[in-house]
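This report refers to the structure that appears directly beneath it.
The values are calculated or read from the model by the stated rules, or taken from the named source; none is laboratory data. In this text the structure is predicted, and so the values were computed from the model without any measurement. Glycine also receives a Cβ, built like all others from the backbone with ideal geometry; neighbour counts cover every protein chain displayed. These area figures cover heavy atoms from the full protein model, side chains too; ligands, DNA and RNA do not enter into them. Shrake-Rupley method; radii C 1.70, N 1.55, O 1.52, S 1.80 Å.
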Amino acid sequence: MTHKMVQWGIIGCGDVTEKKSGPAFNKIENSKLVAVMRRNGMLAEDYAKRHGVPKWYDDASLLINDPDVTAVYVATPPSTHAKYAIEAMMAGKPVYVEKPMAASFDECQKMNQVSKETGIPLFVAYYRRTLPGFLLVKELLDDGRIGIPLMANIRLTRAALPQETDASNPSWRVDPAIAGGGIFYDLASHQLDFLDFIFGGIVDVNGISTNRAKLYDAEDTVTASYAFHSGVIGSGTWCFVTDSSANEDLMEIIGSEGKIQFSGFGHQPIRLITKQGTLEFPYLNPENIQYNLIKQAVESIRGKSQCVSTGETAARANWAMEQIVRR
């Protein structure tokens, strides 16, 4: 499938689209943002005015069926990803969907089935696969700087945010009916997908999840062990209700000749630790953090190159999270 100019419509122009993604659609060659939609028409109109978008809607179907819209970005909470992505693909329009891909692995499979049946491409916003810092980690591994990779471990702990503790108006991110799970689904999905990118899909995974603080219905404390297609094994610990003094954001790959340490979400320098000593590499990001991945999606839609994050790769993170939390 090729298009000269990819003309995007956004469904759900909330916080993530303000800087992380939205502006990138107009900065990329042969790409243009032509319409936005929110259920609240006033907010949709406000976004359109501030970002110079020609059209706005309060009905997703109207945006999907707008002849000027040739591709759709679904940036709603996960519970409606499948619905809108499938509707857009059935209308013949390529889809770029926020992560996690959907609220359940079953929904991911349905999305991929429609993509396969229609031949319409489906991309997922796991943009760490395209960020310079994370690509440097992959390069260090590929160059054999730590020898044979043996283990990949994750530690992510932080205090609950105010919006997660407000019982009168809880964040959708801690409502499993909307998010699929809790903060684990929101954040660990990025980490597990990146490890999938460098080590191949997870082939075996076990987990224990619990709700320790009782601040919301979703799990707040999770541990997991996993094995990748490449033979690398590892473990993860996540807790989102610690004291701030216990804050930690560490991903660590241990090899036969050293280890690499980096952050999943902070912008800490990447550390290469070997018997020769420690080297630090600065962490650099594009202004709009999804720019590189959206550019790949645009080039893929235009038939120029492949995109590293598709429905097929992204569904694997949902499968792994479901094994960890549901077991």
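Inspect segment 29-40 for any residue being at pLDDT 95 or above, of a type in the set (Gly, Ala, Ser) and buried (at least 23 other Cβ atoms within 10 Å of the Cβ) and give the result as yes or no.
There is at least one residue in segment 29-40 that is at pLDDT 95 or above, of a type in the set (Gly, Ala, Ser) and buried (at least 23 other Cβ atoms within 10 Å of the Cβ).
Of these, Asp220, Asp186, Asp243, which one is farther than 18 Å from Ile148 by Cβ and open to solvent by 60 Å² or more (accessible area, probe 1.4 Å)?
Working: Asp220 fails: open to solvent by 60 Å² or more (accessible area, probe 1.4 Å); Asp186 fails: open to solvent by 60 Å² or more (accessible area, probe 1.4 Å).
Going through Asp220, Asp186, Asp243 in turn, just one is farther than 18 Å from Ile148 by Cβ and open to solvent by 60 Å² or more (accessible area, probe 1.4 Å): Asp243.
Starting from segment 227-244, take each residue that is part of a helix (DSSP H, G or I) and list its partners that are open to solvent by 20 Å² or more (accessible area, probe 1.4 Å), counting only C-beta distances under 6 angstrom and pairs at least six apart or across chains.
Cβ pairs passing all conditions: Ser244/Ala159.
Could you tell me which of the residues Tyr73, Tyr57, Tyr47 is among the aromatic types (Phe, Trp, Tyr), farther than 22 Å from Met101 by Cβ and open to solvent by less than 20 Å² (accessible area, probe 1.4 Å)?
Numbers: Tyr73 fails: farther than 22 Å from Met101 by Cβ; Tyr57 fails: open to solvent by less than 20 Å² (accessible area, probe 1.4 Å).
After ruling out the rest, the residue left standing is Tyr47.
Taking the residues in segment 256-288 that are within 18 Å of the chain's Cα centre (by Cα) and open to solvent by less than 30 Å² (accessible area, probe 1.4 Å) as candidates, determine which candidate is nearest to Lys138 (Cα to Cα).
My answer is Phe262.
Modelled with pLDDT of 95 or more and open to solvent by 60 Å² or more (accessible area, probe 1.4 Å): does that describe Ile208?
Yes; evaluated as a whole, the condition is true for this residue.
Could you please find all residues in segment 189-203 being open to solvent by 10 Å² or more (accessible area, probe 1.4 Å), in a helix (DSSP H, G or I) and aliphatic (A, V, I, L, M)?
Ile198
Of all residues in segment 79-99, how many are touching a strand residue (DSSP E or B) at 6+ places or on another chain (Cβ under 8 Å) and part of a helix (DSSP H, G or I)? I'd like the intermediate steps shown before the answer.
Filtering segment 79-99 for residues touching a strand residue (DSSP E or B) at 6+ places or on another chain (Cβ under 8 Å) gives 80-81, 84-85, 88-89, 93-99.
From what's left, part of a helix (DSSP H, G or I): 80-81, 84-85, 88-89.
Number satisfying all stated conditions: 6.
Give the residues of segment 279-306 that are outside any helix (DSSP H, G or I) and touching a Lys or Arg at 6+ places or on another chain (Cβ under 9 Å), sorted by residue number. I'd like the intermediate steps shown before the answer.
Step one: of segment 279-306, the residues outside any helix (DSSP H, G or I) are 279-290, 302-306.
Hits for segment 279-306 are Leu279, Glu280, Phe281, Glu287, Asn288, Ile289, Gln290, Arg302.
Rundown of residues vs (1) acidic (Asp, Glu); (2) over 17 Å from Glu322 (Cβ atoms), yes/no style:
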{"position": "Asp204", "(1), (2)": "yes, no"}
{"position": "Asp220", "(1), (2)": "yes, yes"}
{"position": "Gly231", "(1), (2)": "no, yes"}
{"position": "Ser235", "(1), (2)": "no, yes"}
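Give segment 61-70 a look and list any residue that's within 17 Å of Ile120 (Cα to Cα) and open to solvent by 10 Å² or more (accessible area, probe 1.4 Å), or say none.
Asn65, Pro67, Thr70
Count, please, the residues in segment 7-23 that happen to be over 16 Å from the mean Cα position of the chain (by Cα) and either buried (at least 24 other Cβ atoms within 10 Å of the Cβ) or modelled with pLDDT under 95 (or both).
Result for segment 7-23: 5.
Return a yes/no flag: does segment 234-248 have any residue that is over 21 Å from the mean Cα position of the chain (by Cα) and over 30 Å from Lys20 (Cα atoms). Outline the logic, then answer.
Pass one, segment 234-248, residues over 21 Å from the mean Cα position of the chain (by Cα): 241-247.
This time we only want the ones that are over 30 Å from Lys20 (Cα atoms), so: none.
No, there is no match, as no residue in segment 234-248 is over 21 Å from the mean Cα position of the chain (by Cα) and over 30 Å from Lys20 (Cα atoms).
Considering Ala314, Ala320, which residue is buried (at least 20 other Cβ atoms within 10 Å of the Cβ), under 19 Å from the mean Cα position of the chain (by Cα), within 30 Å of Met5 (Cβ to Cβ) and among the small types (Gly, Ala, Ser)? Walk me through how you get there before you give the answer.
Details: Ala320 fails: within 30 Å of Met5 (Cβ to Cβ).
Ala314 is the lone residue from the list that is buried (at least 20 other Cβ atoms within 10 Å of the Cβ), under 19 Å from the mean Cα position of the chain (by Cα), within 30 Å of Met5 (Cβ to Cβ) and among the small types (Gly, Ala, Ser).
Within the set of pairs 6+ apart or on separate chains, which have a first residue in segment 184-210 that is over 19 Å from Trp172 (Cα atoms) and free of Cβ contacts under 8 Å to residues at least 60 places away in the same chain, a second that is surrounded by 20 or more Cβ atoms within 10 Å (Cβ to Cβ) and not acidic (Asp, Glu), and C-beta atoms under 6 Å apart?
Hits for this filter: Leu195/Ala152; Phe199/Phe228; Phe199/Val232; Gly200/Phe228.
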